[in-house]
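Trainee: One structure coming up, written as structure tokens, with questions to follow.
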Amino acid sequence: MNLKQLSAAFLLSLFSLTAAHAAGQPVHEDLALLYELSLDMIALSKEKDVEGFMKIVNPALRLTAENRNNSMALPRVSAKLRAAKHAVKAGRFTEALEALEQAQDVMQKKRVLAWDGGAE
């Protein structure tokens, strides 16, 4: 085996080790901005401010849509935010508050993948 083949084999083995290491890392999602927006939406729901609520919920839904494919929680949070939006449009503010609280519960829940040896 010449030096060129040996170095190629060494580099390929290093690449596979780094890929395996990256695949085993825990999942950490930063949902702080979305959580802060949900707090604002809860305050506006309690005040029954439909216009202010709509100004905040639309950017929050866009934020969830941008990262949906890379997240385990965002599809569930997005569904709760859409339910809250429809409830506010219909004037059902208690339903909106319940949906927003459920969305916050999903955002605060510690997410551990089943294959990494953790338990929920």
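The values are calculated or read from the model by the stated rules, or taken from the named source; none is laboratory data. Computed from a predicted structure; not experimentally measured. So basically every Cβ, Gly included, is an ideal-geometry build from the backbone, and we count neighbours across all protein chains shown.
Trainee: Give me a count of the residues in the range 34-58 that are of a type in the set (S, T, N, Q) and surrounded by 18 or more Cβ atoms within 10 Å (Cβ to Cβ).
Mentor: Looking only at that region, the number is 2.
Trainee: Exactly one condition in (1) modelled with pLDDT under 90; (2) closer than 14 Å to Ala60 by Cβ; (3) not hydrophobic (A, V, I, L, M, F, W, C) is not met by Ser78; state its number.
Mentor: Of the numbered conditions (1) modelled with pLDDT under 90; (2) closer than 14 Å to Ala60 by Cβ; (3) not hydrophobic (A, V, I, L, M, F, W, C), the odd one out for Ser78 is (1).
Trainee: Quick check, is Leu61 hydrophobic (A, V, I, L, M, F, W, C) and either without any contact (Cβ under 8 Å) to a residue 12 or more places away in the chain or surrounded by 20 or more Cβ atoms within 10 Å (Cβ to Cβ) (or both)?
Mentor: no
Trainee: Still on this structure, please answer the following. Taking the range 61-75 as the search range and keeping residues that are modelled with pLDDT under 85 and of a type in the set (D, E, K, R), which one is nearest to Met107 (Cα to Cα)?
Mentor: Arg68
Trainee: Something else now. When the range 64-90 is examined, which residues are found to be free of Cβ contacts under 8 Å to residues at least 12 places away in the same chain and more than 17 Å from the chain's Cα centre (by Cα)?
Mentor: The answer is His86, Ala90.
Trainee: Here's a follow-up. Restricting the search to the range 33-46, which residues are within 12 Å of Ala96 (Cα to Cα) and among the charged types (D, E, K, R)?
Mentor: Lys46, the sole residue that qualifies.
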